[in-house]
Amino acid sequence: MRALVLAISLLSTPLAADPVLDRAVETVIQPAVETFARRTEALAEATRLDCRASSPILQALWAEAMDGWLGVQDFRFGPLESTGLREAIAFWPDERGFRPRALNRALSTSVHPETAAEMAEAPISLRGLYAIEAMLYDTRFNDYPDVSPGCTLVQLMAEDLAANAAALAADWQAFGPVMRGAEEGNATYFTAAEARQALFTGLVVSMQFDMMERLGLPLGTGGAPRPELAEGRLSERALANLIQSTFGHEALALALTENAETRTELMADFDDLRARLAAIEDQTLASLAEPGGRFQADVAATAYTALWTKLNRLLSEELGVTMGVVGFDGD
């Protein structure tokens, strides 16, 4: 039985009222994980009807599932942290090229998952949103007919993704009261401050991930851009992912403050950041290799850093928390 089921035993403990925790769980986290679960189930159902990479319905539903994940990614605590679901759902960046090798092996040899149980034990490079993206958009893998190993693999990937999203939503049904009831007797969070710290850290670390990975990798170092490393390059969603990601960050940030002035200021800053990101225009971020595109990306990166710094200061002061430990092993 899943370890998180132990959290159910805490439901009998009277909940300590904390408006920040209540608001974050009820208005941001629960709706986001439930939306993600619905969208991934729709994707899995679509693969049963038409698993071909050329299916516009399949491509659209994958994009919706990706958007759903970008609304969930900030919750780097609780179920995503303790169950290993994050890597199974969204293993990126793949800087060592594990995914194409795994896909090539699965499609060209007899070593590949054939059942849902086998897919659940497959390497993370063969699972989740980015593996499905490669099957739909990578020309090395997406030219497969109906009723083929490629078709079966996409179906198994989508079913596995939907199962993990459903498990995440179910886990949050149990874990939500644990986060909201941060008090004596709670084995996860002894105080409301500890639960607030988890929320705050999840937010600022996810924003750092955007700056360091989603934007930082294609920007490169030493003036040498690497647009080929951009997330969503295959599906031409690199810029869209960056922009869509900010909506999830904003929703959680606004839930963490009760200060009207802070809310207004952060909303304006997020709008400004999205405008600066949109000015890059090129969805693949390939334009970062050109002076004009590089300039627009640098402007956006500067705006992102300024927003992250301000948000860190304003929310940490209001919540009485500090920045947590940062570590990235790929999402």
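The values are calculated or read from the model by the stated rules, or taken from the named source; none is laboratory data. Computed from a predicted structure; not experimentally measured. Methodologically, a virtual Cβ is constructed for each residue, glycine included, from the backbone with ideal geometry; neighbour enumeration extends over all protein chains shown. Heavy atoms of the whole protein, side chains included, go into the accessibility calculation; ligands, DNA and RNA do not. Shrake-Rupley method; radii C 1.70, N 1.55, O 1.52, S 1.80 Å.
Hey, which of the helices (runs of 4 or more DSSP H) in the stretch 51-119, taking only ones fully inside, have at least 2 residues that are open to solvent by 60 Å² or more (accessible area, probe 1.4 Å)? Spell out how you get there, then give the answer.
On the way: elements: 56-70, 79-83, 85-89, 98-108.
In the stretch 51-119, 56-70, 79-83, 98-108 are the helices (runs of 4 or more DSSP H) which contain 2 or more residues that are open to solvent by 60 Å² or more (accessible area, probe 1.4 Å).
Considering only residues that are open to solvent by less than 70 Å² (accessible area, probe 1.4 Å) and out of contact with any helix residue (DSSP H, G or I) (no Cβ under 8 Å at 6 or more places or on another chain), look in the stretch 261-286 and name the one that is farthest from Val20 (Cα to Cα). Give the steps one after another, and end with the answer.
Just the residues of the stretch 261-286 that are open to solvent by less than 70 Å² (accessible area, probe 1.4 Å), to begin with: 262, 265-266, 268-270, 272-275, 277-280, 282, 284-286.
Now drop any that are not out of contact with any helix residue (DSSP H, G or I) (no Cβ under 8 Å at 6 or more places or on another chain), which leaves 268, 275.
Numbers: Ala268: 21, Ala275: 29 Å.
The selected residue is Ala275.
Please determine whether any residue of the stretch 59-79 is more than 25 Å from Gln283 (Cβ to Cβ) and hydrophobic (A, V, I, L, M, F, W, C).
Within the stretch 59-79, one or more residues are more than 25 Å from Gln283 (Cβ to Cβ) and hydrophobic (A, V, I, L, M, F, W, C).
Residues checked against (1) over 20 Å from Phe75 (Cβ atoms); (2) of a type in the set (Gly, Ala, Ser); (3) part of a helix (DSSP H, G or I):
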| position | (1), (2), (3) |
| --- | --- |
| Leu203 | no, no, yes |
| Ser245 | no, yes, yes |
| Leu266 | no, no, yes |
| Arg294 | yes, no, yes |
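Counting only residues that are more than 30 Å from Leu307 (Cα to Cα) and without any contact (Cβ under 8 Å) to a residue 60 or more places away in the chain, which one in the stretch 174-206 is least open to solvent (accessible area, probe 1.4 Å)?
Phe190
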